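Participant: Let me give you the structure first, and then I'll get to my questions.
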Amino acid sequence: MRHGPVHVRRIAAEHPDMQPGATLAVAFAFPRAFGNAVARNRAKRRLRAAFVDAGGHQHTGAFLMSAGRG
């Protein structure tokens, strides 16, 4: 799913690539072109907060969130 510069991919909890017993995993991918480490970390914190506010912590599976400068 893509919304503006943010792209989210999901793998179901039942997928063979998921670790046994894992119900939720969230990872972030930001290229260096996005900005310096401070900007990338700030963006990760904001995406993590938006994910929780949107009820994402209630889902199962693995989520990869990536972004560009847009």
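Participant: Could you tell me which residue of the stretch 8-40 is modelled with the highest pLDDT, considering only residues that are open to solvent by less than 70 Å² (accessible area, probe 1.4 Å) and farther than 17 Å from His59 by Cβ?
Facilitator: The qualifying residue modelled with the highest pLDDT is Ala37.
Participant: Filter the stretch 28-58 for residues that are under 13 Å from the mean Cα position of the chain (by Cα) and part of a loop (DSSP other than H, G, I, E, B); which is farthest from Arg9 (Cα to Cα)?
Facilitator: Looking at residues that are under 13 Å from the mean Cα position of the chain (by Cα) and part of a loop (DSSP other than H, G, I, E, B), I get Ala54.
Participant: Okay, moving on. Is it true that Arg46 is in contact (Cβ under 8 Å) with a residue 12 or more places away in the chain and open to solvent by 100 Å² or more (accessible area, probe 1.4 Å)?
Facilitator: no
The values are calculated or read from the model by the stated rules, or taken from the named source; none is laboratory data. Note that the structure is a prediction, hence the values are computed from the model and not measured. Positions of Cβ are generated from backbone atoms using ideal geometry, with glycine treated the same way; all protein chains shown enter the neighbour counts. When the accessible area is computed, the model is the full protein with side chains, heavy atoms only, and any ligands, DNA or RNA have been set aside. Shrake-Rupley method; radii C 1.70, N 1.55, O 1.52, S 1.80 Å.
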